[in-house]
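Below is one structure, written out as structure tokens, with a few remarks after it.
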């Protein structure tokens, strides 16, 4: 089996099964280490401080609860074991502890959320010389569900897309994914097509908050993802392109109770994405790549009518390199940037936009069966919030963050 087919199939598989794209994080780096008979894990510690009017819930000009700092610790753990010559079993989970400092009327207080996340189980079958890949995934609800008011405050901040933090330890309930990828290779490159269906878990507090309701009154619909991926050799270099579309079924939102109950069908707008990567062959460099990711969220529709301000745009990109230092030891670097338009459909930190620059420096040490990757990351930027669907940006806040961590993989 040729290398182009393997690379395209892997990328298309990731595109077909991941429900949303994100900027690379330590958890994403951990995913790339996973292989047959592998145990992975690590620790990341992240701190962000905010200077400005970053309001927790921006429902009015007089809102006074400000977000001042967030500290998050995450411990991911995963493993892959073979199930015969063509099938593997992949299991992963994590523990996350998040602490947010709020300021109100000159006084500060700290709220926290900590616990295990859901366990994700995946069975992958590689058939027809890896030309066909089947995946069956299950989300096992081992995370938290009964949240206090303070825990919900933490969840709203930690789940804000503009911050790019790790997953919160809140369950999504029982869910699953069924996906298939077909790949074909040639000497010049390869192409793959993937599709998947996701049965979303019943408990979705962030999505419910975005639509102005509670998890008890919100029933999520399913999601379908289609992906077209391709790669082509350009002399010693290689170009990779991944196009994807996420289509969503209706969510049901309930308001009122008893005889006055009202139900509405809300369909999240399609999410379209285009990702490109140019892998360059340079002397003295093990890996060097330039990448970009463009995403467009179309407007939501409530009972067929568009929700004003529910569309959004996302742009990510960067440069990454791995340079050999001595035998089995590389220096890894990355310079990344992200920009998000934010949404106007709901106030608060969940829908804020902004931009950020990120610099990462790390090491990659490889032993006979171990890989260890310590790293440090710094990021800074500006966040902005809006006061309702028609208002201009009302407030902004500069922020600066530092992340330290280490990831490991043990192949057995």
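The values are calculated or read from the model by the stated rules, or taken from the named source; none is laboratory data. None of these values were measured; they are calculated from a predicted model. Glycine gets a Cβ as well: all are built from the backbone with ideal geometry, and neighbour counts include every protein chain shown.
Residue 156: in contact (Cβ under 8 Å) with a residue 12 or more places away in the chain and part of a strand (DSSP E or B), yes or no? Working first, answer last.
Details: in contact (Cβ under 8 Å) with a residue 12 or more places away in the chain: yes; part of a strand (DSSP E or B): no.
No, not satisfied.
Scanning region 334-354 for residues that are surrounded by 15 or more Cβ atoms within 10 Å (Cβ to Cβ) and part of a strand (DSSP E or B) yields 334, 336, 337, 338, 339, 340, 353, 354. Of all the listed residues (296, 254), the sole one being touching a strand residue (DSSP E or B) at 6+ places or on another chain (Cβ under 7 Å), modelled with pLDDT of 95 or more and either in a strand (DSSP E or B) or closer than 20 Å to residue 238 by Cα (or both) is 296.
So in region 203-220, with the set limited to residues that are in a loop (DSSP other than H, G, I, E, B) and surrounded by fewer than 16 Cβ atoms within 10 Å (Cβ to Cβ), which one is modelled with the highest pLDDT? Walk me through how you get there before you give the answer.
Here is the first cut: in region 203-220, the residues in a loop (DSSP other than H, G, I, E, B) are 203-204, 211-214, 220.
Subsequent filtering for residues that are surrounded by fewer than 16 Cβ atoms within 10 Å (Cβ to Cβ) retains 212, 214.
Numbers: 212: 77, 214: 84.
Filtering region 203-220 for residues that are in a loop (DSSP other than H, G, I, E, B) and surrounded by fewer than 16 Cβ atoms within 10 Å (Cβ to Cβ), the one modelled with the highest pLDDT comes out as 214.
Evaluated against (1) assigned to a strand (DSSP E or B); (2) under 30 Å from residue 337 (Cβ atoms); (3) in contact (Cβ under 8 Å) with a residue 24 or more places away in the chain, residue 308 falls short on exactly one condition, (1).
If you check 321, 281, which single one turns out to be over 30 Å from residue 245 (Cβ atoms), touching a strand residue (DSSP E or B) at 6+ places or on another chain (Cβ under 6 Å) and assigned to a strand (DSSP E or B)? Spell out the reasoning first.
Numbers: 281 fails: assigned to a strand (DSSP E or B).
That would be 321, the only listed residue that is over 30 Å from residue 245 (Cβ atoms), touching a strand residue (DSSP E or B) at 6+ places or on another chain (Cβ under 6 Å) and assigned to a strand (DSSP E or B).
Residue 137 falls short on exactly one of the conditions (1) more than 27 Å from residue 346 (Cβ to Cβ); (2) loosely packed, with under 14 Cβ neighbours inside 10 Å; (3) at pLDDT 95 or above, and that condition is (2). Looking at the structure I just gave you, is residue 253 without any contact (Cβ under 8 Å) to a residue 60 or more places away in the chain and surrounded by fewer than 17 Cβ atoms within 10 Å (Cβ to Cβ)? For residue 253, the condition - without any contact (Cβ under 8 Å) to a residue 60 or more places away in the chain and surrounded by fewer than 17 Cβ atoms within 10 Å (Cβ to Cβ) - is not met.
Consider region 146-185 and keep the residues that are farther than 26 Å from residue 295 by Cβ and touching a helix residue (DSSP H, G or I) at 6+ places or on another chain (Cβ under 9 Å). The one that is surrounded by the most Cβ atoms within 10 Å (Cβ to Cβ) is 185.
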